[in-house]
Amino acid sequence: MQVGELGEFGLIRELTSRLPQTSAVELGPGDDAAVVAAPDGRVVATTDVLLEGRHFRRDWSTAYDVGRKAAAQNLADVAAMGAVPTALLLGLVVPTELPVTWALELMDGLRDECQVAGAAVVGGDVVRGDAITVSITALGDLQGRRAVTRSGARPGDKVAVTGWLGWSAAGFTVLSRGFRSPRAFVEAHRRPEPPYHAGPSASVLGATSMIDVSDGLVADLGHVAEASGVHIDLHAADFDIPAQMADIGQAVGVDPLLWVLSGGEDHALVATFPADTQLPSRWRVVGEVTRPASLTGTGRVTVDGAPWDRTGGWDHFGAQA
Ligand SMILES: Nc1ncnc2c1ncn2[C@@H]1O[C@H](COP(=O)(O)OP(=O)(O)O)[C@@H](O)[C@H]1O
Ligand SMILES: Cc1ncc(C[n+]2csc(CCOP(=O)(O)OP(=O)(O)O)c2C)c(N)n1
Ligand SMILES: [Mg+2]
Ligand SMILES: [Mg+2]
Ligand SMILES: [Mg+2]
């Protein structure tokens with residue numbers, strides 16, 4: 001059956017019937033708005049849009065994968081503020097001939113990724129349109145802590161990452177060249193696994209700044225450097241290139257360091273911490289905040305002291321997009 005045959009309200013009924021009742025949400029889908037608890041009186045709010053052809057392809061990813069990824073991308077932004085994700089809303093644009101099963105599996109993916117992060121789908125909207133568009137809004141709870149922003153990095157801080165780096169980009173390269181394996185990379189591209197719990201825990205550890213890696217590590221740290229008014233230097237040798245990644249890099253003629261430093265969509269978390277912070281082993285120190293940016297220039301990121309000029313990460317209006 002196609003979504004057009006089911007109709008707007010039939011589709012909404014089917015979509016929402018897939019969601020569990022959760023006690024964390026006072027009022028879920030079905031009314032003019034949901035009611036979500038905000039115990040400390042503040043709400044972290046973020047939104048990201050995924051468009052068919054630009055963020056995902058139906059011949060590369062199942063609807064379930066797209067749901068997992070759409071949720072992950074947004075929930076990672078909540079975690080990157082040091083907050084615990086609480087709720088997610090889905091704005092869904094679909095063509096009338098879309099099979100109903102595609103929409104339902106998308107919802108299953110959203111629901112399951114929310115469950116991983118401790119959040120719930122609490123509402124959304126359905127609109128008919130030409131290209132599938134998945135517009136997500138995610139909310140989170142700072143649990144009384146301050147938000148960890150992009151602007152708090154200070155000279156002398158160490159830079160540390162947790163989560164996968166370069167796996168999604170390697171998968172994207174493989175898929176772009178018409179292959180479906182190695183599985184580990186293709187799966188990483190289809191379904192990123194952001195380290196949600198590390199976000200709030202970085203905040204507790206005293207992180208001075210944090211961001212999730214959506215566009216590429218150097219590009220995203222560039223936002224931190226700019227917002228904080230600092231220079232950041234990364235040490236290439238501190239990035240562990242797994243043998244499997246080195247092998248596939250060799251096979252497709254790409255230096256895997258490019259995937260690690262410029263590849264986005266793994267949604268790893270990168271944070272800065274005061275130099276004397278004792279970090280749990282899940283955090284890998286990969287560089288440091290070297291000095292304040294000059295008063296006139298903007299912040300910048302170097303690798304082993306040199307500018308990283310080998311493709312700059314994902315830009316929706318850049319040459320690669
Ligand atoms: N169309 C927009 N209107 C208002 N704010 C926007 C818009 N697009 C992006 N922003 C804001 O700019 C900042 C950077 O956006 P973006 O690069 O998409 O962040 P992220 O990679 O974390 O999703 C975010 O705070 C976002 O809310
Ligand atoms: C079909 C397809 N083409 C290209 C890409 C690569 N790609 C698309 S968006 C993106 C960056 C992350 O998405 P964005 O919308 O910039 O999210 P944000 O940075 O706002 O979190 C990348 C690497 C992809 N995932 N799928
Ligand atoms: Mg965004
Ligand atoms: Mg982000
Ligand atoms: Mg981006």
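Side notes on the structure shown:
- Filter result for residue 172 (assigned to a helix (DSSP H, G or I) and in contact with a His (Cβ under 8 Å, 6 or more places away or on another chain)): yes
- You will find that of 68, 54, 58, the residue that is within 18 Å of residue 189 (Cβ to Cβ), modelled with pLDDT of 95 or more, touching a His at 6+ places or on another chain (Cβ under 9 Å) and more than 16 Å from ligand 4 (Cβ to nearest atom) is 54 and no other.
- Criterion applied to 277, 272 was being hydroxyl-bearing (Ser, Thr, Tyr), crowded, with 24+ Cβ neighbours inside 10 Å and away from ligand 1 (no atom under 16 Å from the Cβ), and the one residue passing it is 272.
- When region 36-53 is filtered for residues that are of a type outside the set (A, V, I, L, M) and either away from ligand 2 (no atom under 16 Å from the Cβ) or within 17 Å of residue 72 (Cα to Cα) (or both), the ones remaining, listed by number, are 39, 40, 41, 42, 46, 47, 48, 52.
- Residue 61 meets the conditions (1) part of a loop (DSSP other than H, G, I, E, B); (2) in contact with a helix residue (DSSP H, G or I) (Cβ under 9 Å, 6 or more places away or on another chain); (3) away from ligand 2 (no atom under 16 Å from the Cβ); (4) not hydrophobic (A, V, I, L, M, F, W, C) in every case but one. The failed one is (3).
- Counting the residues of region 279-321 that are within 22 Å of the chain's Cα centre (by Cα), modelled with pLDDT of 85 or more and among the aliphatic types (A, V, I, L, M) gives 3.
- Residue tally, condition more than 16 Å from ligand 3 (Cβ to nearest atom) and of a type outside the set (Ser, Thr, Tyr), over region 200-216: 6
- Residue list for region 38-90, filter: more than 15 Å from ligand 3 (Cβ to nearest atom) and among the β-branched types (Val, Ile, Thr): 43, 62, 66, 84, 86
- A single entry from 214, 176 fulfils the requirement of being modelled with pLDDT of 95 or more and either crowded, with 22+ Cβ neighbours inside 10 Å or within 16 Å of ligand 5 (Cβ to nearest atom) (or both): 214.
- Filter pass, residue 223 being over 18 Å from residue 82 (Cα atoms), in contact with a strand residue (DSSP E or B) (Cβ under 7 Å, 6 or more places away or on another chain) and either modelled with pLDDT of 95 or more or within 13 Å of ligand 1 (Cβ to nearest atom) (or both): no
- Which numbered condition residue 208 misses (of (1) more than 16 Å from ligand 2 (Cβ to nearest atom); (2) over 24 Å from residue 294 (Cβ atoms)): (2)
- Only one of 266, 276 that is assigned to a loop (DSSP other than H, G, I, E, B), within 16 Å of ligand 2 (Cβ to nearest atom) and modelled with pLDDT of 95 or more: 266
- Matching residues in region 124-138 - criterion: being in contact (Cβ under 8 Å) with a residue 60 or more places away in the chain, part of a strand (DSSP E or B) and surrounded by fewer than 24 Cβ atoms within 10 Å (Cβ to Cβ): 124, 126, 128, 133, 135, 137
- Residue that is farthest from ligand 1 (Cβ to nearest atom), among those in region 35-48 that are at pLDDT 95 or above and in a loop (DSSP other than H, G, I, E, B): 42
- Residues that are closer than 26 Å to residue 174 by Cα, charged (D, E, K, R) and in contact (Cβ under 8 Å) with a residue 60 or more places away in the chain, drawn from region 59-89: 65, 68, 69
- Failed condition for residue 264, given (1) in contact with a Phe, Trp or Tyr (Cβ under 7 Å, 6 or more places away or on another chain); (2) over 25 Å from residue 203 (Cβ atoms); (3) within 16 Å of ligand 4 (Cβ to nearest atom): (2)
The values are calculated or read from the model by the stated rules, or taken from the named source; none is laboratory data. This structure is a prediction, so every number in the text was calculated from the model and none was measured. Note: ideal-geometry Cβ built from the backbone for every residue, glycine included; neighbour counts use all protein chains shown.
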